[in-house]
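See below for the structure under consideration.
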């Protein structure tokens, strides 16, 4: 009988029969444990969360009722609208002071943010003229809000849009100056940040992976203790009003406990979703005990097989581990095997092969570095040679002479073009600097656009909208102008009519993003972005790849160019650079 056959017989005799008996006992005993944990952890915590949410909404309702009955508030609401500035300012100040007394910071109803009531008065258009208080406004400020349009004739509405927007609680205010009639004169709103309720929901989770969320009347998730996946939201939204309040469903093949409760006085539901294996800690403990017993039996059964197979598997394991190391580009291996057998010969040949591969890679790497260095030196020498051929003083004197001649003969167009051309070359040279300020780069680009505007006439229009603070940022020289030139060349290629170019800049965290947008015929942005990643020396799109590489060479691989297709005509190229770069001085 072979070794493999004997190992199989020992394993079946010592493991299979005890495993079946133990598994059956554990299954029967764990059923009661699961039911107990579901009742204690899920239902209790869900009810507690529901009560807390209801109490906090009721607190807001009571707060708004107190505000509506405040004597100072009622005094202003009872007054008729007027055009008198002094009366309107006095009314706004009174309402602002009254609302200040109800300002709540870090209160239990919203522990992560303050509660600031806001009053929107009806038929008080004069209030819009006075920027005195952000808590007292005219109702026209919210007439276009979706929640206001759905309010209709309701006296109170609670709106919780999907996303991170706040919960809006709005309540109508009535004038009490007539005992037999209540006039609707204002709308009181309170914004309740969802983060506070989400944080509260998180404290009532039965387990770390549980999800407690609140659904509106459309079964849309409006608040949740944690961010949820699309599958989780779809499963929760599938709940029907008449579904069992406690049920077991499947999510991605795993059992999940779903339970929900309806909130009083509002058409919302609070739902809990917990993975069964997370709340079943007792069963897990039993599983560990079973595993320990099974492991002990398996260790006894496999001891003989292990002793027999050890001499065979040990060298193979070392080879496999070494191959994993080599796969991670680490060729420094050390396999110790002193026996002079077939495995010893195999390991020696393997080590010799790895050394040869490492030597070849080192030679190729050094050769590639030398090649790149030679190419960079050649390009640098070529650039310096071209720059050396330009005599700035001779060029500027010549342009000044032409300018004076144009002024003398009353040709302002030629004079304007000469001045733009002089500025263009002055900033192109930049006294030999590689880094200049964004202000200088924009001036250089504007000179180029002025020249092109004279060429194309009214067919070319451009605008530059960059605030002064951002213009102090340092940037690599000759970045924007080549991209603008590219927009003009390709924008007019097959386009009739006008070409508009817009240059803007925004700061996003620690980055400055420059955008060049045109309405030209455009190009394949996917192909342009692919060309930016190429490392060959093709002449196709060499200009944009040259700009992209210079930006990455100066600032890092995470910076550079990226093309986007506009929603209408044309495209946009985004230039990303550090907002505060500390490199070469301008």
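Contact order, relative form, for the range 69-196: 25 percent (alpha carbon pairs under 8 Å, 6 or more residues apart, mean separation divided by residue count).
Run through the DSSP bridge list for the range 69-196 and note the antiparallel percent, rounded to the nearest 5. If I count the DSSP bridges inside the range 69-196, around 85 percent turn out antiparallel. Among 249, 256, 547, a tally of other beta-carbon atoms within 10 Å of each Cβ gives an order, fewest to most, of 249, 256, 547. What is the list of residues in the range 213-240 whose amide nitrogen lies under 15 Å from a point 7 angstrom out from the Cα of residue 202, following Cα to Cβ? Within reach of a label on residue 202: 213, 223-228. The order of 571, 228, going from fewest to most other C-beta atoms within 10 Å of their C-beta, is 228, 571. For the pair residue 472 and residue 485, the difference between a 0.36 nm per residue extended length and the Cα-Cα distance amounts to 2.3 nm.
Label positions at residue 576 and residue 140, each projected 7 Å from the Cα along the C-beta direction, are separated by 4.3 nm. In this simple spin-label approximation, residue 463 and residue 346 carry label points 7 Å from Cα along the Cα→Cβ vector, and these lie 7.3 nm apart. Fully extending the segment from residue 292 to residue 238 would add 15.3 nm, taking 0.36 nm per residue of separation and subtracting the current Cα-Cα distance.
In terms of surrounding Cβ atoms within a 10 Å radius of their Cβ, 487, 207 rank from fewest to most as 207, 487. Can you classify the range 434-578 as rounded, prolate or oblate using the Cα gyration tensor, where a ≥ b ≥ c are the square roots of its eigenvalues, rounded means a/c under 1.5, and otherwise it's prolate if a/b beats b/c and oblate if not? It is oblate, given that a/c is not under 1.5 and a/b is not larger than b/c. Starting from the Cα-Cα distance between residue 96 and residue 220, subtract it from 0.36 nm times their residue separation and give me the gain in nm to one decimal. Full-extension gain reported as 41.1 nm. Treating r as the C-beta distance of residue 332 and residue 367 and R0 as 25 Å, the FRET efficiency rounds to 0.70. Computed from label points 7 Å out along Cα-Cβ, the spacing between residue 66 and residue 549 is 7.0 nm. Highest mean first, the peptides 454-460, 183-189, 503-509 sorted by other C-beta atoms within 10 Å per residue fall in the order 183-189, 503-509, 454-460.
Taking 16 Å as the cut-off, the amide N atoms of the range 258-276 that come nearer than this to a point 7 Å along the Cα-to-beta-carbon line of residue 154 belong to 263-269.
Values in this text are rule-based calculations from the coordinates and carry no lab data. Since we're looking at a predicted model, the values are computed, not measured. Cβ: placed from backbone, ideal geometry, glycine included. Neighbour counts: every protein chain shown.
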